[in-house]
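Structure first, then comments.
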Amino acid sequence: MKIAIVFGTRPEVIKLAPIIYALKNHFKLTTVFSGQHTSLINNALSFFDITPDYTFSCMNKKPDLGTLTARINREMSAVFKKEKPKAVIVQGDTMTTYTAAFQGFLSKMPVVHVEAGLRTNNKFSPYPEEVLRTLVSRIADFHFAPTAGARENLLSEKIRRDRILITGNTVVDALLLAERMLDEKEIFSELSKALSMDAGEGFRKKKTVLVTSHRRENISFGLKQICSAVNTLSDRYKNLLFIWPLHKNPDVRKIVFREINKRRENILITEALSYPATVYLMRKSVIIMTDSGGIQEEAPTFRRPVLVLRESTERPEIIESGTGFLTGTDDKKICRVFSKLYEDRDFYKRATRVKNPFGDGKASERILKFFLNRDVQDFISRYPASFDMEFRGFK
């Protein structure tokens, strides 16, 4: 049986890599890269030793979602007509995810959605991801929910219970896999170049704070406030080294370069780092400040507290667990929560004692078991005639 696996961004590659590893010895896979990310994705593909069967060049120099959607639709349609896969796997909430799911529907093949059921119930936060993932949920035939809360979101939208499987998030599988593959020599070499300093023994002993921000809804005033908080905190805690790998979005870069005080020696702004270097910095940092969804899921594995620089999160489990703190972009609140974490040892310890609420590293095993299920294979082989088939006792 041939299965298409589609990705367009670095997070998608990271989260789909464990599934590709799990399925490749049992099924014929066709991997499709939309080109939604370009330079950001190459290192992740190389790290996980994934060579896409198809690669599109769909992204403009200046991102334009309408043009991107049209291009991916055209290219994806051609690939599906040529390869004729029996099913398509998509992940998350990107334009690539939605477009591949839509083309899967037009091609009358079952669509399997990894990381299904995440919701903020605010269609502009995150934008456009919140709407894209709800649209995919209307198209998908099977939904791999990372948590019980995600399943409840799907059930509240009348998604059938027998089509939802709680798997955990494959990002945890990828993180544990990456930890075993890290080459510290290569990482220190990359960091030395990126940080313009010797990332050797002295760097290991430094206390670091990882900062990332790229969400569209934060660009402008929100990002300015985040920069203001980083400036204040760097003055307050001169012993801490704040490392900010910049997103490629030109609007993000313009604001950060303008707002961050370059005279501060303990703020280091770098180009985007490789996935292994990012994993290393997550593990090393005492606190992480981010508006990234993926980092919210990854940081608890390393028991690192996270300041979530967003007004809402579709990953409430990190807040409920006590290891994440929803600060929004208010600079005063960011500084207040950060200082509480850093200065109150008991508070910090409580925030770092939790297990990762997003998974145990076995999500890809559960997904393989799903595809090996005879009822599932029968469903896929007879689709679309089987689209209303009921899975009794299916778990």
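The values are calculated or read from the model by the stated rules, or taken from the named source; none is laboratory data. Fair warning: this is a prediction, and the values are worked out from it, not measured in the lab. Here the Cβ positions follow ideal geometry from the backbone for every residue, glycine too, while neighbour counts run over all protein chains shown.
For the range 177-211, a residue qualifies if it is within 27 Å of ILE19 (Cβ to Cβ) and surrounded by 23 or more Cβ atoms within 10 Å (Cβ to Cβ), and exactly one does: LEU210.
Residue count for the range 75-107, restricted to those that are part of a helix (DSSP H, G or I), in contact (Cβ under 8 Å) with a residue 24 or more places away in the chain and not hydroxyl-bearing (Ser, Thr, Tyr): 14. Entry remark, the range 244-278: residues being in a helix (DSSP H, G or I) and either under 20 Å from LEU223 (Cβ atoms) or hydrophobic (A, V, I, L, M, F, W, C) (or both) number 12 in total.
Among the residues of the range 128-153, those that are outside any strand (DSSP E or B), within 30 Å of ARG303 (Cα to Cα) and among the aliphatic types (A, V, I, L, M) comprise ALA148, ALA150.
In summary, CYS335 fulfils each of the numbered conditions (1) of a type outside the set (S, T, N, Q); (2) within 24 Å of LEU23 (Cα to Cα); (3) crowded, with 16+ Cβ neighbours inside 10 Å with the single exception of condition (2). Condition check for PRO357 on (1) surrounded by fewer than 13 Cβ atoms within 10 Å (Cβ to Cβ); (2) part of a loop (DSSP other than H, G, I, E, B): one failure, at (1).
Just to verify a result, which residue in the range 154-176, among those that are in a helix (DSSP H, G or I) and out of contact with any helix residue (DSSP H, G or I) (no Cβ under 9 Å at 6 or more places or on another chain), is farthest from ILE20 (Cα to Cα)?
From the range 154-176, those in a helix (DSSP H, G or I) are 154-156, 161-163, 170-176; that's our starting set.
Within this subset, residues satisfying the condition of being out of contact with any helix residue (DSSP H, G or I) (no Cβ under 9 Å at 6 or more places or on another chain) are 156, 162.
Values: SER156: 31, ASP162: 24 Å.
The residue in question is SER156.
How many of the residues making up the range 251-275 are among the polar types (S, T, N, Q) and either within 16 Å of THR38 (Cβ to Cβ) or under 25 Å from the mean Cα position of the chain (by Cα) (or both)? Lay out the reasoning, then the answer.
Taking the range 251-275 as the starting set, the residues that turn out to be among the polar types (S, T, N, Q) are 261, 266, 270, 274.
Filter once more, so that each one left must be either within 16 Å of THR38 (Cβ to Cβ) or under 25 Å from the mean Cα position of the chain (by Cα) (or both): 270, 274.
Matching residues across the range 251-275 total 2.
Table: residues versus (1) in a loop (DSSP other than H, G, I, E, B); (2) under 30 Å from ILE89 (Cα atoms).
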{"position": "TYR280", "(1), (2)": "no, yes"}
{"position": "ILE288", "(1), (2)": "no, no"}
{"position": "GLY294", "(1), (2)": "no, yes"}
{"position": "THR301", "(1), (2)": "no, yes"}
{"position": "GLU314", "(1), (2)": "yes, yes"}
{"position": "GLY328", "(1), (2)": "yes, no"}
{"position": "ILE334", "(1), (2)": "no, no"}
{"position": "TYR348", "(1), (2)": "no, no"}
{"position": "LEU368", "(1), (2)": "no, yes"}
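Of the residues in the range 115-135, none is in contact with a His (Cβ under 9 Å, 6 or more places away or on another chain), under 24 Å from ARG366 (Cα atoms), buried (at least 18 other Cβ atoms within 10 Å of the Cβ) and among the β-branched types (Val, Ile, Thr).
Given the criteria in the same structural domain as PHE7 (by TED's automatic domain parsing) and free of Cβ contacts under 8 Å to residues at least 60 places away in the same chain, does ILE20 qualify?
yes
Filtered by the rule that a residue be crowded, with 21+ Cβ neighbours inside 10 Å and either of a type outside the set (D, E, K, R) or more than 15 Å from the chain's Cα centre (by Cα) (or both), the range 166-176 gives THR167, GLY168, ASN169, THR170, VAL171, VAL172, ALA174, LEU175.
When you go through ALA277, ALA229 one by one, which is the residue that is crowded, with 19+ Cβ neighbours inside 10 Å, closer than 21 Å to SER339 by Cβ and of a type in the set (A, V, I, L, M, F, W, C)? Walk me through how you get there before you give the answer.
On the way: ALA277 fails: closer than 21 Å to SER339 by Cβ.
Selected residue: ALA229, the only one of ALA277, ALA229 that is crowded, with 19+ Cβ neighbours inside 10 Å, closer than 21 Å to SER339 by Cβ and of a type in the set (A, V, I, L, M, F, W, C).
Looking only at the range 360-395, filter to residues that are small (Gly, Ala, Ser) and in contact with a helix residue (DSSP H, G or I) (Cβ under 8 Å, 6 or more places away or on another chain); which one of those is surrounded by the most Cβ atoms within 10 Å (Cβ to Cβ)? Top of the filtered list is ALA363.
Does PHE221 qualify as being assigned by TED's automatic domain parsing to the domain that holds TYR275, without any contact (Cβ under 8 Å) to a residue 60 or more places away in the chain and among the hydrophobic types (A, V, I, L, M, F, W, C)? For PHE221, the condition - assigned by TED's automatic domain parsing to the domain that holds TYR275, without any contact (Cβ under 8 Å) to a residue 60 or more places away in the chain and among the hydrophobic types (A, V, I, L, M, F, W, C) - is not met.
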